[in-house]
Amino acid sequence: MAVLRQFAKRIEHLEALDAVARPVAGLVGRAVRPRLLRNLLSGTNLGHPLHPPLTDVPIGAWTMAVLLDTAGGRRAQPAADLLVAAGIAAAVPTAVTGLNDWSDTRGSEQRVGVVHAGANTVALGLYTASLVARRTGRRGLGKALALAGLGALTVGAYLGGHLGYVRGVNVNHTAFEERAPEWIPVLADSELAEGEPRKVQAGENSVLLHRDGGAVRALSSTCSHLGGPLEEGEFHGGQVTCPWHGSTFDLADGSVFRGPASSPQPCYDTRVVNGQIEVRARP
């Protein structure tokens with residue numbers, strides 16, 4: 001396993017990949033800009049990213065196909081062929097959602113992501129060739145191609161895990177905030193002008209304050225998507241748009257209006273006591 005970790009770390013620092021990764025990520029980002037498409041591919045309405053659960057289908061189908069090829073015998077051949085075909089069909093939406101998520105990454109994560117995509121593309125090509133070989137009566141070749149595809153798939157899956165569990169790509173960046181349930185004074189009421197965003201501290205957490213029509217709204221200032229600074233975002237119509245990737249949240253309840261965020265923004269109740277704005281975590 002140490003070899004695999006070193007492999008992933010080397011990719012992180014392979015700046016030559018930027019020449020391919022940056023322009024492709026830019027093209028993908030422009031393609032997924034429409035709100036309905038962005039929300040669909042990001043899993044915004046699902047409540048968490050769509051790409052990870054979709055990966056289970058091709059990985060499971062192709063792995064089981066190789067298992068049946070190896071130990072299933074002649075009677076398992078139709079099932080193995082069906083699993084190869086199912087994996088190919090499922091790989092397309094899986095790749096599209098993955099590209100959507102990858103388009104928001106930068107630097108090390110973007111480099112690992114492009115190799116992750118490349119390995120999975122190789123796997124898709126090998127399994128497609130395997131299916132063609134099976135359909136034309138060259139089953140031995142089909143099995144060999146599927147086994148090679150499983151190797152490429154394993155590399156891609158490892159790098160995908162590295163992105164999610166080591167680099168923290170597309171995890172909820174507010175998940176580990178411990179928000180106090182008691183009222184905490186954070187700012188003098190006179191210091192928050194109408195329409196002005198302010199970043200304040202509430203215990204160990206940073207909070208975004210915004211006054212709109214006299215009402216004071218408060219959200220976690222860290223964007224749940226990739227940790228962007230919401231206090232530097234755009235404010236309009238009771239919503240805030242993250243300056244990094246365009247995730248838009250309702251200031252009243254933290255709900256997601258536009259992805260790529262899929263987790264709502266933690267929200268705080270507010271009140272003014274003795275000239276001080278106080279906040280507490282909303283249950």
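The values are calculated or read from the model by the stated rules, or taken from the named source; none is laboratory data. A quick note: this is a predicted structure, and the numbers were derived from the prediction, not measured. Glycine gets a Cβ as well: all are built from the backbone with ideal geometry, and neighbour counts include every protein chain shown. Note: areas computed on protein heavy atoms with side chains; ligands, DNA, RNA excluded. Shrake-Rupley method; radii C 1.70, N 1.55, O 1.52, S 1.80 Å.
Values computed for the structure shown
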item	result
Segment residue 276-residue 70, extension gain: residue separation times 0.36 nm, minus the distance between their alpha carbons	67.1 nm
The chain, accessible surface, carbon-and-sulfur percent (1.4 angstrom probe)	60
Extension gain (nm, one decimal) between residue 36 and residue 189, 0.36 nm per residue minus Cα-Cα	51.3 nm
Check: the stretch 109-252 dipole with +1 on Lys, Arg Cβ and -1 on Asp, Glu Cβ, in debye	1780
R0 of 45 Å, Cβ-Cβ distance residue 79-residue 178: FRET efficiency to nearest 0.05	0.35
By average C-beta atoms within 10 angstrom, highest first, the peptides 2-15, 68-81	68-81, 2-15
Per residue value of the accessible surface for the stretch 215-260 (all protein chains in place, 1.4 Å probe), Å²	36
Helix 51-71 axis, angle to the chain major axis (alpha carbon atoms, nearest 10°)	20
Length gained when the stretch residue 106-residue 48 is fully extended (0.36 nm per residue, less Cα-Cα span)	18.8 nm
Label corresponding to Rg and Dmax of the Cα atoms in Å when calculated from the structure given, among (1) 18.2, 58; (2) 23.5, 74; (3) 23.5, 83	(3)
With Cα atoms, 0 to 90° folded angle of helix 77-102 axis to the chain main axis	30
Heavy atoms of residue 88: accessible area, 1.4 Å probe, square angstrom to 10	30
